[in-house]
Every structure is written in C-alpha cells, then in structure tokens.
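Working notes, beginning with the structure itself.
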Amino acid sequence: MLSKLESACFVIADISGYTSFLASSELDHAHDIIADVMATVMKCLRPPFNLAKFEGDAVFVYAVTDKIDGSALQDAIESAYFAFRKRLRNIKQATSCECSACSNMQHLDLKFVSHYGEFIKHRMGGREELAGRDVILIHRLLKNGVNERLGGHAYALYSDPCIRAMGIDPSAQGLLQHQESIDIIGDVKCWVRDLEEAWAKENDRQRNEVTRDKAVSVIEFDIAAPRPVVWEHFTLPGLRPKWRAADEVREASESGRRGVGTTNHCMHGAHAIIEEVIDWRPFDYLTLTTLLPIPGAPKVLMTYAFMESADGGTRIEIRLGKPKPKDREFLDHVGAEFRKNITNEVAALRVMLERQKGATVIEEPALPVSAERFLTQPIQAR
C-alpha cells in the first residue's frame, strides 16, 4: 500500500552554540542541561505539535494544518523561546556547580525554522520517519544567512508557504522579509522574527494580571490535559463555542495576530458579550474585560490563569477583579449565575478533552531525560 500524502506545518527548534558547548564541557552535566532545556521547549510545542525526531541539538516537530493557525503557531514558538530563556536563568540561580557546562550554559541560544508542506511516513530502523521534499527543505533552511543579518540574535524563520498557509500578515505583524537560495530547490522567500527583541519586549511589557490575592473571587478547575491544549480551547474562536454557551466568536485584531488589543464578540443569538484582551501571556494567563449585554453593565475585569499540575494536567483559576464601589451590587447580582454557568461549561470541556486524550495515539520518539545532575551533584572546579 502506498504511503498516505499529508500536509503539515513543520518546526525545528535548534540550539545555537551546541557543538562548542559540548566540546568544552563536562559531558554528564552538558547532556543533562541539554535534555532539561529540550524538555522545557517541548512542553510549549507539544501539543499541538507532535515530535517527529530528536536530532541531538534540535527537535523536529509537525502539526497537521487543521490543528493550528498563524497566531497559535507564533505563540507556541515565542512561548517556547521565553521558557528556554527562563529555564537557563533558573538553572543558573539554582545550581552551585562551577563546572564548564554549568558556567557556559548561558551562552546557549535557540533558533526556530518553520515551513509548510507535504510529507509521507515510512518505517526506518523500526520506527516511523517523515519524508519528502518539504522535510528536506526545512532542514536545509537551518543553514541560512539570518545570523549575519541580526548579529547573532535568536530568531524564528518562517518560509513564505508557511506564512500563507497559516494566514499570517507578515508586514502587519512586524516580520522582516528574507531570501534564501538552496541548491536544487532554488530561491525561498522567508520572513523573520527577532526573538531576542521579542524577549526584551516581553520582559519590559507591563503586566496586567488579577493575582489571586487581589481577586474578589476565584473559581478553580482541574483538567487532565496539557496547558497548551486547555489554553487554545479558552482562546481560539473556532474552539470556544464547542464548550461555551456561544453560537460563535467573532474575533478582531488590528495586526491579525491574537493578543493584547484583540476584541471578541461572543454571539448569543442577537446579543453579544464583548471581551477586550489587555494582557496575553501564553500559556500562563490572559487578562480581559467582559461587557455583558445588560443595560448599565460595567466592564468586568478577570484573569484566566493556567498552571501545570504535577501529573501533566492543568489547573485553571478564573480570578475576578475587585469592582469599583458603584459596580459591586451588579457583580454580586450576576456573580452566582456566572459561577454556575462557567462551572457547567468547564465540566463539558473536561469531558471533551479527557475523551480526546486517548482517542488518537501517535507514535513518537522518546526525548532524553535529564537527571538534573547539574543541580544535585556539582562537579568541583579544578
């Protein structure tokens, strides 16, 4: 039987500085650090992506095209990069080891390449591998001229086929046009996001979060599904009506990318609940104001927070901001009904996601597992 031809969005996350890091470091600690940060990256990519192959200093992942859109793709990549940077920072603060690996790990960085195309699966060495022209192309795009252009900064490189397939407006979203020429394949138009710049903006951007201690009310739920899956069911317009009481969600964003400034109209017949996003931190939390279609209703401030459980599931906290004194009576009036409705809706979401969890099992290679020896068994500097 011929292999089935499929279309997918491919992503490779590649560690920069890997070769020199290994060559100048103690192997056991270096291996543990690489395994640790790769697992951190994969937590932000999988799902919606599946792991195709672990390639030593890189992970190659893919997602069939009906599982992701342009905003979700960029959020996954940038969240993975931010998590990578935070993890290196946390390791440095946590370890007392002064070996070369632990001293030099801050020189590691990460780059991403994303492409859209076709592939087939075939078995090689007892496991499934992806094959095809587009699989070759994305690997060839790892060798590019972006480093010279950005001065060595971390980056995400998107091929033009990926940009078009994911519905991204590159100019409106501040991506830089770039050209690569690849032997046999020819010229490939690409677009670039400077991730070092994105990381700086992330750290400088003012937070607007209703913290637990500042909330007038907190509604908590647990769902046995990974954070990225739960996040996308709370945020993607096509998924929200599947579990929330809305006929449809009409989304508007100036750049076309979901995030701060996005406005949602949650349609209930002829009426609309209007949401405005004022903070957006995938996959940690989002903060928005909600305006109910009730005369005289004030905007209600709330944060949806998503925390990873020890078992790999997700704890959700819906935190309602303290209202102004003049609005307290209204919030007291609608609060009980809101709690009842959201509890019933999340119960439906929990059943839906937990049924999906075991519905489709995709064969994946195993990632190396870190024993965190760089934290627990310091190597004494010589």
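Of all residues in region 203-233 being within 18 Å of the chain's Cα centre (by Cα) and assigned to a helix (DSSP H, G or I), which is nearest to MET302 (Cα to Cα)? Restricting to residues being within 18 Å of the chain's Cα centre (by Cα) and assigned to a helix (DSSP H, G or I), the top hit is TRP231. Just a yes or no: is a residue in region 203-213 surrounded by 13 or more Cβ atoms within 10 Å (Cβ to Cβ) and touching a helix residue (DSSP H, G or I) at 6+ places or on another chain (Cβ under 6 Å)? Within region 203-213, none of the residues are surrounded by 13 or more Cβ atoms within 10 Å (Cβ to Cβ) and touching a helix residue (DSSP H, G or I) at 6+ places or on another chain (Cβ under 6 Å).
From the list GLU232, GLU276, the one residue that fits, being charged (D, E, K, R) and modelled with pLDDT of 95 or more, is GLU276.
Which residue is surrounded by the fewest Cβ atoms within 10 Å (Cβ to Cβ), if the candidates are limited to region 254-289 and must be farther than 26 Å from GLU78 by Cβ and among the β-branched types (Val, Ile, Thr)? Residue satisfying both the conditions and the ranking: ILE274.
Anything in region 306-365 that is farther than 16 Å from THR290 by Cα and of a type in the set (Phe, Trp, Tyr)? List them, or say none. Passing the criteria: only PHE306. Out of everything in region 101-148 that is touching an Asp or Glu at 6+ places or on another chain (Cβ under 6 Å) and of a type in the set (Gly, Ala, Ser), what residue ends up being nearest to ASP183 (Cα to Cα)? Selected residue: GLY132. Within region 230-272, being more than 16 Å from ILE68 (Cα to Cα) and either assigned by TED's automatic domain parsing to the domain that holds LEU175 or in contact with a Ser or Thr (Cβ under 6 Å, 6 or more places away or on another chain) (or both) holds for ALA252, SER253, THR262. Restricted to region 101-124, and to residues there that are crowded, with 18+ Cβ neighbours inside 10 Å and small (Gly, Ala, Ser), the residue that is farthest from PRO161 (Cα to Cα) is ALA101. For ALA272, indicate whether it is assigned to a loop (DSSP other than H, G, I, E, B), free of Cβ contacts under 8 Å to residues at least 24 places away in the same chain and hydrophobic (A, V, I, L, M, F, W, C). Against the criterion (assigned to a loop (DSSP other than H, G, I, E, B), free of Cβ contacts under 8 Å to residues at least 24 places away in the same chain and hydrophobic (A, V, I, L, M, F, W, C)), ALA272 does not qualify. Filtered by the rule that a residue be loosely packed, with under 14 Cβ neighbours inside 10 Å, in a loop (DSSP other than H, G, I, E, B) and either of a type in the set (S, T, N, Q) or not assigned by TED's automatic domain parsing to the domain that holds LEU141 (or both), region 160-186 gives a lone residue, SER171.
Here the condition is being modelled with pLDDT of 90 or more, closer than 30 Å to VAL59 by Cα and touching a Ser or Thr at 6+ places or on another chain (Cβ under 7 Å); of ARG319, ARG315, it holds for ARG315 alone.
So which of ILE68, ILE91, ILE77 ends up being surrounded by 18 or more Cβ atoms within 10 Å (Cβ to Cβ), of a type in the set (Val, Ile, Thr) and touching a Cys at 6+ places or on another chain (Cβ under 7 Å)? Within the list ILE68, ILE91, ILE77, the selection yields ILE68. Among the candidates PRO295, PRO323, the residue that is free of Cβ contacts under 8 Å to residues at least 12 places away in the same chain and either within 20 Å of the chain's Cα centre (by Cα) or farther than 15 Å from PHE221 by Cα (or both) is uniquely PRO295. Within region 25-62, the set of residues being under 26 Å from THR376 (Cβ atoms) and either among the polar types (S, T, N, Q) or in contact with a Ser or Thr (Cβ under 7 Å, 6 or more places away or on another chain) (or both) comprises SER25, GLU26, ASP32, ALA35, ASP36, ALA39, THR40, CYS44. Restricting attention to region 1-57 and to residues that are touching a strand residue (DSSP E or B) at 6+ places or on another chain (Cβ under 9 Å) and among the hydroxyl-bearing types (Ser, Thr, Tyr), the residue that is nearest to ARG140 (Cα to Cα) turns out to be SER16. In the set (1) closer than 16 Å to PRO368 by Cβ; (2) within 21 Å of the chain's Cα centre (by Cα), the condition left unmet by PHE21 is number (2).
The values are calculated or read from the model by the stated rules, or taken from the named source; none is laboratory data. What you are looking at is a predicted structure, and each value in this text was computed from that prediction instead of being measured. Positions of Cβ are backbone-derived with ideal geometry, glycine not excepted, and every protein chain shown enters the neighbour counts.
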